[in-house]
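> Just dropping this structure here.
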Amino acid sequence: MFDCSDNDILPLSMEHNFWTWSAQGKVSPIPVKKAEGVYFWDVNGKRYLDFNSMVMCVNIGHGNQRVMNAMIEQIRELPFAGPGMATRPRAVLGKLLSEVTPGDLNHFLYTLGGAEANENAIKMARAYTGRPKILARYRSYHGATYGAVAASGDPRRVAWEPTVMPGVVHFLDPYRYRSTFHRTNPNISEAEFCQDYLNHLEEIILYEGPQSIAAILMESVTGTNGIIIPPAGYMQGVRALCDKYGIQMIADEVMSGFGRTGRWFAVDQWDVVPDLMTMAKGLTSGYAPLGAVAMRPHIFEHFKDKVYQGGLTYNGHPVSLAAAIANIEVMRDEKLVENSAAMGKVMADMLAELVERHPSVGEVRSIGLFGIIELVKNRETREPLVPFNGSSPIMTAIRNFLMDRGVFLYLHWHTILIIPPLIINEKQLAEGFNALDEALTLADQSLA
């Protein structure tokens, strides 16, 4: 094996790799050496508090021996089997997932990640209904492959248009802080707010022709584009519209699933059972690549005598499935869903304190350990600190300050996302929020 010292990691990585979501001449990756719990370390021994669960996925924390041992044992017994074969981890994981997924979502198609899961869910909905169109929201993000990015509403889609998957129609998110419909009446009741956005969705359905719409695809809680939490009654209302018009409801739980919101899945917060539900990230906590599509019996039965034309070489990879089994067992035994709910309340209080202390904070939102800080130039006008799909030296300065303080998190336009591992405790949350409190003075100073 080629000998690569700690000092070689960064220069060799820069010499031979192509980096995603980046201009290649502006890449500056952290040379990571090890990780444990809620922390990771670079090659120089600097410790970082992981306030983003790496890529919003390390739900059980870093370095969990139980999951790593399960993967090692699986490699020793059976490192690979084709996607058409039955294996022990395939048998066990299906049973485990059926116990934690809502309602009668009890059959599972395995993929390698969230984008692939969403594309398969779209295929299934189209095949089941015989209809071509998919409705999705403008602030959604469903993955970077061509079909998934076509379904996404956010600007990452625009760079690749015209996409190769036709038939996608976008509608507006129920984003109360920046509501298109309520700029002149922001004090409208939550029930009226909810109904206006359900009316908007039904109007789009009628304009597009219900008979042409296969599915409504939504992140249960909008992720990187705002941690937009649906108002009371919204998810139930979408479910009712789907039932009314024979449309399949697809819940994208890639980011919001596996305890992130304080329940196993975000849809559990509203007692809604979608027809199809996609998952990844927290399914293995990032220890191995894996996604899945959960489906209700009517979807499964449709393909009993009809061939499903889909699949890839590594679907149902036994090492990934073994990681998922151990991951779910860790979450259950260590009560991480419950910890997410409890620490979510602590985090909500800490977020509220930032609103009181910093005039640059326009609003904070959170559900479980899924939180966001929205920065503004003016609280009255709600003008964002950075324009839509933009960047600024202020946000760069905030990120650099936090990195210097050893806090790793994700900044998106004018927002700061807080998505720590579910094992985090109150002291560790305070560690991150103390650094955030100091960093936000930079945003406050920019308002002068």
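> Which condition number does ASN389 fail, the rest of (1) in contact (Cβ under 8 Å) with a residue 60 or more places away in the chain; (2) surrounded by fewer than 16 Cβ atoms within 10 Å (Cβ to Cβ); (3) closer than 28 Å to LYS281 by Cα; (4) out of contact with any helix residue (DSSP H, G or I) (no Cβ under 9 Å at 6 or more places or on another chain) being met?
Here ASN389 clears every test but (4).
> Of all residues in the range 177-204, which are within 28 Å of the chain's Cα centre (by Cα), modelled with pLDDT of 95 or more, among the hydroxyl-bearing types (Ser, Thr, Tyr) and farther than 12 Å from VAL238 by Cβ?
Of everything in the range 177-204, those that are within 28 Å of the chain's Cα centre (by Cα), modelled with pLDDT of 95 or more, among the hydroxyl-bearing types (Ser, Thr, Tyr) and farther than 12 Å from VAL238 by Cβ turn out to be TYR177, SER179.
> Among the residues that make up the range 236-255, is at least one of them touching a residue at least 60 places away in the same chain (Cβ under 8 Å), outside any loop (DSSP other than H, G, I, E, B) and surrounded by fewer than 24 Cβ atoms within 10 Å (Cβ to Cβ)?
Within the range 236-255, none of the residues are touching a residue at least 60 places away in the same chain (Cβ under 8 Å), outside any loop (DSSP other than H, G, I, E, B) and surrounded by fewer than 24 Cβ atoms within 10 Å (Cβ to Cβ).
> If I ask for residues that are assigned to a helix (DSSP H, G or I) and either of a type in the set (Ser, Thr, Tyr) or more than 18 Å from PRO421 (Cα to Cα) (or both), which ones from the range 350-374 would you list?
Result: ALA352, GLU353, LEU354, VAL355, GLU356, ARG357.
> Just give me the residues in the range 1-41 being over 24 Å from GLN65 (Cβ atoms), among the aromatic types (Phe, Trp, Tyr) and either surrounded by 10 or more Cβ atoms within 10 Å (Cβ to Cβ) or modelled with pLDDT of 95 or more (or both), in sequence order.
PHE18, TRP19, listed by residue number.
> Related question: Just to check your reading of the model, which residue among VAL158, VAL149, VAL164 is outside any loop (DSSP other than H, G, I, E, B), surrounded by fewer than 19 Cβ atoms within 10 Å (Cβ to Cβ) and β-branched (Val, Ile, Thr)?
VAL158
> While we're on this one: For the range 212-223, state whether one or more residues are out of contact with any Asp or Glu (no Cβ under 6 Å at 6 or more places or on another chain), free of Cβ contacts under 8 Å to residues at least 24 places away in the same chain and in a helix (DSSP H, G or I).
Looking through the range 212-223, none of the residues is out of contact with any Asp or Glu (no Cβ under 6 Å at 6 or more places or on another chain), free of Cβ contacts under 8 Å to residues at least 24 places away in the same chain and in a helix (DSSP H, G or I).
> Has the range 303-311 got any residue that is assigned to a helix (DSSP H, G or I) and assigned by TED's automatic domain parsing to the domain that holds VAL238?
no
> Which pairs turn up if I take residues in the range 84-100 that are closer than 20 Å to ALA280 by Cα and look for partners that are at pLDDT below 95 and small (Gly, Ala, Ser) with beta carbon separation below 9 Å, at least 6 apart in sequence or on another chain?
Short answer, once both residue conditions are applied: none.
> When you go through (1) under 22 Å from the mean Cα position of the chain (by Cα); (2) over 25 Å from MET218 (Cβ atoms); (3) among the hydrophobic types (A, V, I, L, M, F, W, C) one by one for VAL319, which number turns out not to apply?
(1)
> Can you list residue pairs whose Cβ atoms sit under 6 Å apart, with the first residue in the range 360-377 being free of Cβ contacts under 8 Å to residues at least 40 places away in the same chain and of a type outside the set (Phe, Trp, Tyr) and the second being crowded, with 23+ Cβ neighbours inside 10 Å and assigned to a strand (DSSP E or B)? Count only pairs 6 or more apart in sequence or on different chains.
As it stands, the answer is VAL364/ILE373; VAL376/GLY362, since those pairs meet every condition given.
> Same structure again: Output yes when any residue across the range 67-89 is within 30 Å of TYR308 (Cβ to Cβ), more than 24 Å from the chain's Cα centre (by Cα) and of a type in the set (Asp, Glu), and no when none is.
yes
> OK, next. Could you identify the single residue in TYR141, TYR128, TYR110 that is touching a strand residue (DSSP E or B) at 6+ places or on another chain (Cβ under 9 Å), in a loop (DSSP other than H, G, I, E, B) and either buried (at least 24 other Cβ atoms within 10 Å of the Cβ) or in contact (Cβ under 8 Å) with a residue 12 or more places away in the chain (or both)?
Of the residues listed, the single one that is touching a strand residue (DSSP E or B) at 6+ places or on another chain (Cβ under 9 Å), in a loop (DSSP other than H, G, I, E, B) and either buried (at least 24 other Cβ atoms within 10 Å of the Cβ) or in contact (Cβ under 8 Å) with a residue 12 or more places away in the chain (or both) is TYR141.
Condition check ((1) closer than 24 Å to GLN428 by Cα; (2) not in a helix (DSSP H, G or I)) across all residues:
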position: CYS4; (1), (2): no, yes
position: LEU10; (1), (2): no, no
position: SER13; (1), (2): no, no
position: TRP19; (1), (2): no, yes
position: ILE30; (1), (2): yes, yes
position: GLU36; (1), (2): yes, yes
position: TYR48; (1), (2): yes, yes
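> Shifting gears a bit: For the range 167-190, enumerate the residues that are in a loop (DSSP other than H, G, I, E, B) and either under 14 Å from ILE227 (Cα atoms) or of a type outside the set (S, T, N, Q) (or both).
Pass one, the range 167-190, residues in a loop (DSSP other than H, G, I, E, B): 167, 172-175, 179-189.
GLY167, LEU172, ASP173, PRO174, TYR175, PHE181, HIS182, ARG183, PRO186, ILE188 - these are the residues of the range 167-190 that are in a loop (DSSP other than H, G, I, E, B) and either under 14 Å from ILE227 (Cα atoms) or of a type outside the set (S, T, N, Q) (or both).
The values are calculated or read from the model by the stated rules, or taken from the named source; none is laboratory data. As the structure is a prediction and not an experimental result, all values here were calculated from the model. No Cβ is skipped: glycine too gets one built from the backbone with ideal geometry, and neighbour counts run over all protein chains shown.
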